[in-house]
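What follows is a short report on a single structure.
The values are calculated or read from the model by the stated rules, or taken from the named source; none is laboratory data. If you're wondering where the values come from, they're calculated on a predicted model, not measured in any experiment. For neighbour counting, all protein chains shown are included, and Cβ atoms are generated from backbone atoms with ideal geometry for every residue, glycine included. The accessibility values were calculated without ligands, DNA or RNA, using every heavy atom of the protein model including side chains. Shrake-Rupley method; radii C 1.70, N 1.55, O 1.52, S 1.80 Å.
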Amino acid sequence: MPKGKVASGLDAVWKQYEEYLQPGNKDQSDRMRFPSGIPSLDIAVGGMQGMTRGIVEILGGEAVGKTTLAFTILAQTQRNGKLRDIEAPDGNIYNALYLDSEHSYDNKYAAALGVDTGKMLVLDMMYAQDQFQVIEYFLEAGIQFIIIDSISVLIPKSEEEKELDDNQKVADEANVLSRVTKRMNALAAYADALVIAINQYRANMSQMAHTDKKGYGAWVLRYLKKVTIELTRIERKETRMTIQAFVQKNKMGAIGKKITYEIEHGKGIDIDHHILMLAEHHDIVNKNGKTWWYYTDNAGIEYKGQGEQNAVKNFPMEEIKK
């Protein structure tokens with residue numbers, strides 16, 4: 001084929017698809033980041049600045065703080081002021097969408113975790129196809145943060161026509177999830193958006209499986225998600241519980257990293273406590289005996305506190321975090 005025709009064809013393609021083409025050495029530093037505020041977790045999933053666009057799965061059993069972690073990531077991302085604001089037909093400004101499939105949304109708890117609830121829309125619909133259609137519209141409109149809580153309770157429209165004694169077809173749910181996840185993953189990439197899919201365990205019936213439980217969902221979700229954070233409760237004391245976050249899958253960095261943090265009932269993740277424990281591990285702060293904590297800043301000023309709560313209260317925590 002003559003070179004002129006090749007060039008002519010390339011010109012036409014380039015003009016039509018230029019927005020989708022980019023050099024392989026293009027700097028990606030302007031890509032949106034979604035921090036959790038938990039330094040160890042942010043580093044584990046791809047750097048101190050947090051996660052990047054795509055689907056992130058938060059997986060775990062009952063009452064391990066899956067929604068709490070999702071809202072904490074949203075609150076931290078809203079706080080950094082970089083989320084794209086969308087003006088809705090009601091005249092209000094929004095930057096996040098929460099899909100309340102479990103019909104358990106608590107606006108007071110979300111606000112207690114730091115979420116700007118006035119900028120978050122809550123979607124409460126019956127059927128999965130309708131819910132995902134709305135999600136697609138919002139991604140196309142430029143929304144950058146979506147929480148699906150949770151994918152394990154999504155109801156396909158085929159259930160509308162069934163009687164109570166009809167056998168449920170597992171394939172119906174897998175079908176819906178498989179089809180929409182591919183589209184949602186692509187739209188999230190174009191919108192530079194994060195989609196958090198909260199998920200629960202289900203029984204693994206395979207006799208060849210190495211575990212008796214696995215996350216709910218079609219195989220396509222397993223391959224398209226960027227990160228899986230598996231949560232496990234390892235200790236509970238009165239109003240606090242210790243959670244282990246295991247980075248089970250990660251397309252942005254190493255897998256297999258385990259992070260621990262504490263959740264206080266009604267208040268959420270104790271990020272300052274996590275930073276204090278991390279700082280002690282790296283000899284940034286010192287502990288003398290069982291109760292006294294010490295920190296000396298770059299100017300030589302010494303801070304001290306008896307007990308973890310007083311240490312957090314007295315220490316310059318933002319400086320220690322940096």
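Here are a few things to note about the model shown:
- Percent of Cα pairs exceeding the 22 Å cut-off, where the set is region 215-288: 41
- Rounded to 0.05, the FRET efficiency of the ILE301 and LYS108 pair, given R0 = 41 Å and the Cβ-Cβ distance, is 0.60.
- Debye log10 I(q)/I(0) at q = 0.11 Å⁻¹ for region 37-181, Cα point scatterers: -0.47
- Across all directions, the shadow cast by the convex hull of region 82-157 built on its C-alpha atoms averages 5.3 square nanometres.
- Under the Debye formula (equal points on every Cα, no solvent term), log10 I(q)/I(0) of region 1-78 at q = 0.15, 0.19 Å⁻¹: -0.68, -0.87
- Three semi-axes describe the equivalent ellipsoid of the chain; taken as square roots of 5 times the Cα gyration tensor eigenvalues and ordered largest first, they are 37, 28, 20 Å.
- Too-long pairs where the Cα-Cα distance tops 31 Å, listed order kept, from LYS119/LYS322; LYS258/LYS322; LYS108/LYS321; LYS119/LYS304; LYS157/LYS258: LYS119/LYS304; LYS157/LYS258
- Local electrostatic count, TYR303, Cβ distance below 15 Å [Lys/Arg +1, Asp/Glu -1]: -3
- With all protein chains in place and ligands, DNA and RNA left out, the 1.4 Å accessible area ranks THR296, THR67 as THR296, THR67, largest first.
- Rolling a 1.4 Å probe across all protein chains gives GLU102 an accessible area of roughly 70 Å².
- Computed FRET value (nearest 0.05) for GLU62 with LYS82, which takes r as the C-beta separation and R₀ as 25 Å: 0.15
- Sorting TRP293, TRP219 on solvent-accessible area from highest to lowest, probe radius 1.4 Å, gives TRP219, TRP293.
- Cross-link check: pairs LYS82/LYS182; LYS182/LYS251; LYS182/LYS257; LYS226/LYS257 evaluated at a Cα-Cα cut-off of 22 Å; pairs beyond the cut-off: LYS82/LYS182; LYS182/LYS257.
- On a per residue basis, region 1-113 carries 55 Å² of accessible surface, using protein heavy atoms and a 1.4 Å probe.
- Solvent exposure ordering (accessible area, 1.4 Å, most first) of SER178, SER29: SER29, SER178
- Rounded to the nearest 5, the antiparallel percentage of DSSP beta bridges internal to the chain is 55%.
- Neighbour net charge for TYR294 - beta-carbon separation under 9 angstrom, K R +1, D E -1: +1
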